[in-house]
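Below is one structure, written out as structure tokens; comments come after it.
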Amino acid sequence: MGKLERLTPGREEKPWPRSLIEKDELEKWQKYFCDISNVFLCAVDERGVPLTALGGSPEEAEQVERLIDGDQFQNMLQRVAESELEDRAVERTAYPNFRLAVVTSKVERRPVVNWLICGIMDDTEDAGEYENPPLQGFSSILSEKQFLRVVDTLKSITDAMLTDRRFLRQAQSKQQKSAHLEQTAEEKLRSSEFLREMMWLLGSSEPPKEAARKLLQKTGEHLQLDMTAVYSRALGKQPQMTVKWSKKDISWGFESDSKLSWPSLLTPERNLILSSNTMLGEEEKEEMDALGLRALMTMPIKRCHASGDSSLMKAGAAQEEYWVCFGMSEKERIWELEEIRFLGEAVRILQGILARQEASAAPGRRSTSNANKRKKK
């Protein structure tokens with residue numbers, strides 16, 4: 001594995017855990033992360049033996065390898081491998097603008113896949129507090145906030161991959177499992193992979209409104225819904241439709257005309273799950289008929305302070321409430337637990353898209369966890 005072998009001298013490489021996840025799949029995710037995030041990373045086993053070559057800019061990865069302190073890396077890896085509470089470690093190094101992170105994903109409390117992540121920061125702290133001057137001449141740079149986000153996202157995706165593989169492997173190993181269980185396992189795996197694809201919309205360069213529309217479309221097509229929409233309401237004002245996708249042209253007058261009364265079903269106060277067989281009150285039934293829906297689900301989204309100049313989060317706007325609606329108009333629908341969970345995860349991604357503009361408009365410095373500054377000797 002090249003120069004990274006020096007980090008674990010005298011240790012033999014462990015067999016790859018192929019029963020859970022293939023090496024080429026990790027290499028695919030590794031390349032994607034390096035390309036979009038300007039980080040350098042590789043997968044290692046629980047003893048630090050590299051399982052993939054250090055990814056990142058080929059011209060700069062070799063320089064980064066020489067910067068890694070083997071003792072520091074081993075201490076970080078051991079700490080997260082042995083801890084029952086800590087699954088990631090981020091530390092400063094001997095260089096003011098060089099960060100090192102280790103994340104681990106475990107199965108039955110045993111580390112299975114670990115990542116070594118290196119990043120060159122685009123801003124420099126007081127160089128007088130470090131042993132070496134800031135690194136210069138690197139094109140692959142990112143902010144400290146972006147680096148921490150990469151660490152968190154990589155951890156989440158790796159956990160999801162391992163969970164999916166375990167679930168599928170356990171299901172396949174049972175000789176007596178029914179065809180229904182097989183189908184459930186495959187659908188769960190497909191849904192998890194689909195959610196991971198949608199997670200990339202969080203880092204998309206597209207405007208938040210367009211990213212949100214794509215997420216609604218992908219969600220609607222995946223679950224064969226007839227309409228999905230995001231609504232918002234500023235304090236003391238009439239709700240309004242923010243972004244919408246529908247399989248056919250489904251439009252309601254109250255979405256564009258503030259003089260028309262807003263249906264009480266389409267409000268952000270609570271989660272609402274109405275299947276086709278749900279017993280409805282008279283008022284609810286009348287509203288469902290007026291909307292032309294046979295099934296409806298609404299979920300509130302965490303409140304966001306609007307800022308920036310995007311069409312989703314207008315400058316100077318008051319605090320707004322956001323919520324999302326999923327509807328069926330052509331066919332009956334009885335919402336299943338897995339569908340509800342899937343839509344809940346989609347809403348969490350949507351929440352990140354809505355907050356993205358606000359975060360970029362008012363960047364703040366976030367202190368690195370487990371930071372250990374190296375003072376000049």
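For region 214-243, give me each residue that is of a type in the set (D, E, K, R) and within 15 Å of Ile301 (Cβ to Cβ).
Within region 214-243, just Arg233 meets the criteria.
Would you point out which residue out of Gly327, Gly344, Gly352 is touching a Leu at 6+ places or on another chain (Cβ under 6 Å), under 17 Å from Thr228 (Cα atoms) and modelled with pLDDT of 50 or more?
On inspection, the qualifying residue turns out to be Gly327.
Among the numbered criteria (1) loosely packed, with under 14 Cβ neighbours inside 10 Å; (2) not in a helix (DSSP H, G or I), which single criterion is violated by Gly128?
The single condition Gly128 does not satisfy is (2).
Would region 131-139 turn up any residue that is aliphatic (A, V, I, L, M), crowded, with 16+ Cβ neighbours inside 10 Å and either over 22 Å from the mean Cα position of the chain (by Cα) or in a loop (DSSP other than H, G, I, E, B) (or both)?
So far as region 131-139 goes, yes, one or more of its residues are aliphatic (A, V, I, L, M), crowded, with 16+ Cβ neighbours inside 10 Å and either over 22 Å from the mean Cα position of the chain (by Cα) or in a loop (DSSP other than H, G, I, E, B) (or both).
What is the number of the single condition among (1) of a type in the set (Lys, Arg); (2) at pLDDT 85 or above; (3) surrounded by fewer than 16 Cβ atoms within 10 Å (Cβ to Cβ) that Arg190 does not meet?
(2) is the only condition that Arg190 fails.
Within region 247-256, which residues are loosely packed, with under 11 Cβ neighbours inside 10 Å and in contact with a strand residue (DSSP E or B) (Cβ under 8 Å, 6 or more places away or on another chain)?
Passing the criteria: only Ser256.
Quick one: Leu26 ticks every box in (1) under 18 Å from Asp159 (Cα atoms); (2) modelled with pLDDT under 80; (3) hydrophobic (A, V, I, L, M, F, W, C) except a single one, so which number is it?
Among (1) under 18 Å from Asp159 (Cα atoms); (2) modelled with pLDDT under 80; (3) hydrophobic (A, V, I, L, M, F, W, C), the lone unmet condition for Leu26 is (2).
Restrict the check to region 31-45 and report whether at least one residue is part of a helix (DSSP H, G or I), over 21 Å from Met121 (Cβ atoms) and modelled with pLDDT of 80 or more.
yes
Table: residues versus (1) more than 30 Å from Met161 (Cβ to Cβ); (2) in the same structural domain as Ser329 (by TED's automatic domain parsing); (3) in contact (Cβ under 8 Å) with a residue 24 or more places away in the chain; (4) surrounded by fewer than 16 Cβ atoms within 10 Å (Cβ to Cβ).
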position	(1), (2), (3), (4)
Leu215	no, yes, yes, no
Lys218	no, yes, yes, no
Asp226	yes, yes, yes, no
Thr242	yes, yes, yes, no
Trp245	no, yes, yes, no
Ser258	yes, yes, no, yes
Trp262	yes, yes, yes, no
Leu293	yes, yes, yes, no
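Taking Glu84 and the conditions (1) surrounded by 19 or more Cβ atoms within 10 Å (Cβ to Cβ); (2) modelled with pLDDT under 90; (3) of a type in the set (Asp, Glu), which numbered condition does it fall short on, given that it satisfies the others?
The failed condition is (1).
Quick check on my filter: what residues within region 98-119 are within 28 Å of Ser140 (Cα to Cα) and either acidic (Asp, Glu) or in contact (Cβ under 8 Å) with a residue 60 or more places away in the chain (or both)?
Passing the criteria: Arg99, Val113, Asn114, Trp115, Leu116, Ile117, Cys118, Gly119.
Kindly provide the set of residues from region 30-51 that are under 22 Å from Gln146 (Cβ atoms) and surrounded by fewer than 19 Cβ atoms within 10 Å (Cβ to Cβ), ordered by number.
Lys31, Tyr32, Asp35, Ile36 - these are the residues of region 30-51 that are under 22 Å from Gln146 (Cβ atoms) and surrounded by fewer than 19 Cβ atoms within 10 Å (Cβ to Cβ).
Go through (1) among the hydrophobic types (A, V, I, L, M, F, W, C); (2) over 22 Å from Glu131 (Cβ atoms); (3) buried (at least 16 other Cβ atoms within 10 Å of the Cβ) and name the single condition Val107 misses.
For Val107, the failing item is (3).
Within region 40-97, can you find the residues that are among the small types (Gly, Ala, Ser), within 26 Å of Ser139 (Cα to Cα) and out of contact with any Ser or Thr (no Cβ under 7 Å at 6 or more places or on another chain)?
Matches in region 40-97: Ala53, Gly55, Ala61, Gly70, Ala89, Ala94.
Name, by its number, the condition in (1) in contact with an Asp or Glu (Cβ under 6 Å, 6 or more places away or on another chain); (2) closer than 30 Å to Pro207 by Cα that does not hold for Leu296.
Just one mismatch for Leu296, condition (1).
Which residues, taken from region 111-166, are farther than 11 Å from Tyr95 by Cβ and of a type in the set (Ser, Thr, Tyr)?
Ser139, Ser140, Ser143, Thr153, Ser156, Thr158, Thr163
The values are calculated or read from the model by the stated rules, or taken from the named source; none is laboratory data. The structure presented is a predicted model; accordingly, all values stated were derived computationally and were not measured. Note that each Cβ is placed from the backbone with ideal geometry, even for glycine, and that neighbours are counted across all protein chains shown.
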